[in-house]
1. To the nearest 20 debye, what charge dipole does the stretch 2-97 have about its Cα centre, counting +1 at the Cβ of each Lys and Arg and -1 at the Cβ of each Asp and Glu?
2. Identify, among LEU64, ILE77, TYR27, the residue whose Cα sits farthest towards the positive end of the charge dipole of the stretch 2-97, taking +1 on the Cβ of Lys and Arg and -1 on the Cβ of Asp and Glu, with the dipole about the Cα centre.
3. Starting from the Cα gyration tensor of the stretch 26-72, take the square roots of the eigenvalues, sort them a ≥ b ≥ c, and report rounded, prolate or oblate (rounded when a/c is under 1.5, otherwise prolate if a/b is larger than b/c, else oblate).
4. Can you pull the Rg over Rh of the stretch 2-97, Cα-only, Kirkwood?
5. Would you pull out the residues with amide H under 5 Å of GLN60's amide H, same chain only if 5 or more places away, H placed 1.01 Å from N?
6. What pairs from LYS20/LYS68; LYS20/LYS45; LYS45/LYS87; LYS20/LYS87 go past 18 Å between their alpha carbons?
Amino acid sequence: MIRLVEVCEVLNASNTSRQKYTLREVYINPKHVVSLREERNYKQKLEEGMLPEDLDLRQQFTRLTLDKGHTGLEMIIVGAPQLVEQKLQGEARDVLLG
């Protein structure tokens with residue numbers, strides 16, 4: 001299992017149209033990752049102040065797709081696709097060597 005940080009939408013109890021997001025840790029099995037894509041829309045959300053303030057404005061985001069049987073599960077992960085890929089490969093290498 002590998003630990004990543006996911007961007008999650010906060011349920012908006014008020015009737016304002018502005019969405020808010022939070023971060024949470026998720027644990028992923030690297031064997032179930034189907035694809036990684038850069039997610040530029042979340043960069044814009046960060047610049048608009050919709051994401052947590054403690055994120056650096058230079059941060060990049062990745063749309064990660066997991067195999068979930070007949071359907072896939074998509075998550076927005078903090079970090080560039082190249083960094084997420086390195087983390088996934090590093091974890092797989094550790095398992096093979098162990």
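1. Using Cβ point charges on Lys, Arg, Asp and Glu, the stretch 2-97 gives about 160 debye.
2. Towards the positive end, the residue furthest out is LEU64.
3. The shape class here is prolate.
4. Numbers: Rg = 14.6 Å, Rh = 14.4 Å.
Looking at the stretch 2-97, the ratio lands at 1.01.
5. GLY79, ALA80
6. Working: LYS20/LYS68 27 Å; LYS20/LYS45 9 Å; LYS45/LYS87 25 Å; LYS20/LYS87 27 Å.
Check vs 18 Å cut-off fails for LYS20/LYS68; LYS45/LYS87; LYS20/LYS87.
Read-outs throughout are calculated quantities, based only on the coordinates presented, and are distinct from any laboratory measurement. Remember, it's a predicted structure, so these values are computed and weren't measured experimentally. Cβ: placed from backbone, ideal geometry, glycine included. Neighbour counts: every protein chain shown.
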